[in-house]
Amino acid sequence: MNYTDFIKAMQCEVKEQMEPEVMVETHTAVKNNGTMRTGLILMRQGVNMSPTIYLEEFYEQYLSGVSIPELARTIQILYEKVKVTNSYPYENIMSYRKVREKIAYKLIRKESNEELLKRIPYEEYFDLAVVFYLLLENTAFGSATLLISNEHLRQWKVTKKEVYEAAKENTPELLPAEIEQLTDYMYVMTNRTRNLGAATLLYPDALERAGQMIGENFYILPSSIHEVILIPESYRVNRMQLEIMVEEINDTEVDAEEVLSDTVYYYSRKEKRVLL
């Protein structure tokens with residue numbers, strides 16, 4: 001069964017297993033780095049927030065021998081964990097005052113998202129872009145977000161600077177940084193949910209805390225949009241070797257949607273900032 005037929009079969013099977021009030025439709029979206037993903041959007045009558053469960057990973061399971069009914073049952077269980085039972089008052093989104101505390105930022109690769117960046121406010125950060133979103137729901141099983149567009153700024157009658165200031169204030173509070181030592185020479189920095197955690201690179205306090213833990217200047221390896229790896233400067237490897245390693249990992253081990261950058265950055269404890 002090819003992927004197109006698999007999607008149709010999954011839609012039918014999930015419909016069969018779901019409660020009657022849940023509508024199951026296919027949905028294709030352009031995601032980060034211009035990647036296309038197809039999934040099932042599960043819509044409950046009377047609720048205006050619906051999870052989308054993407055099917056690429058399920059297709060891999062199918063090819064390895066897992067049956068369609070088994071996969072549909074997995075989706076049903078997942079839906080029970082992530083479903084929203086009450087509508088979000090979308091009229092709140094029209095009011096900057098009501099959404100300001102939900103504004104957060106994330107990091108994406110600039111050159112791979114040129115079309116997207118024409119439609120949304122962003123700030124350049126080396127070869128990356130800081131973009132903004134509303135964190136509407138945040139649970140252990142996932143989050144509901146809304147990317148902030150240029151149109152939102154016009155509706156709210158606010159500037160990009162105002163949105164950026166709100167995000168700088170909110171994001172470290174909504175998504176606190178976590179730094180874990182993996183080995184004698186490697187640390188990982190992400191946020192508490194381990195989702196879009198590379199944005200902790202923008203938290204001044206997190207970088208200072210990392211410097212205190214490591215005890216020296218360090219290199220920052222953008223392992224994905226979800227986390228960064230920190231390597232002490234004294235580790236016996238040069239920057240070029242680190243960049244080759246990051247590029248190879250991005251090409252072979254990181255999903256295209258989750259690639260952040262091939263660039264290795266450097267944190268100076270004395271200057272308290274990230275450098276190239």
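The values are calculated or read from the model by the stated rules, or taken from the named source; none is laboratory data. Predicted model, so just to flag it, every value in this text is computed and none were measured. Here Cβ is always computed from backbone atoms with ideal geometry, including for glycine, and neighbour counts include all displayed protein chains.
Out of the residues in segment 227-276 meeting the condition of being closer than 30 Å to ALA29 by Cα and among the small types (Gly, Ala, Ser), tell me which one is modelled with the highest pLDDT.
Result: SER261.
Looking at segment 232-251, which of its residues are acidic (Asp, Glu) and more than 27 Å from the chain's Cα centre (by Cα)? Walk me through how you get there before you give the answer.
Going through segment 232-251, the residues acidic (Asp, Glu) turn out to be 233, 243, 247-248, 251.
Matches in segment 232-251: GLU233 only.
Out of the residues in segment 186-215 that are part of a helix (DSSP H, G or I) and in contact with a helix residue (DSSP H, G or I) (Cβ under 8 Å, 6 or more places away or on another chain), which is surrounded by the fewest Cβ atoms within 10 Å (Cβ to Cβ)? First the steps, then the outcome.
Initially, segment 186-215 is screened for residues part of a helix (DSSP H, G or I), giving 197-202, 204-214.
If we keep only those that are in contact with a helix residue (DSSP H, G or I) (Cβ under 8 Å, 6 or more places away or on another chain) too, we end up with 199-202, 205-207.
Values: ALA199: 27, THR200: 25, LEU201: 25, LEU202: 21, ASP205: 11, ALA206: 20, LEU207: 24.
The residue in question is ASP205.
Please verify whether LEU207 is touching a residue at least 60 places away in the same chain (Cβ under 8 Å) and assigned by TED's automatic domain parsing to the domain that holds TYR266, treating the condition exactly as stated.
Against the criterion (touching a residue at least 60 places away in the same chain (Cβ under 8 Å) and assigned by TED's automatic domain parsing to the domain that holds TYR266), LEU207 qualifies.
Here are the criteria: (1) modelled with pLDDT of 95 or more; (2) under 18 Å from LEU128 (Cα atoms); (3) not assigned by TED's automatic domain parsing to the domain that holds ARG100. Tell me which single one VAL188 does not satisfy.
(2)
Would you say ALA166 is modelled with pLDDT of 95 or more and under 22 Å from GLU258 (Cα atoms)?
Against the criterion (modelled with pLDDT of 95 or more and under 22 Å from GLU258 (Cα atoms)), ALA166 does not qualify.
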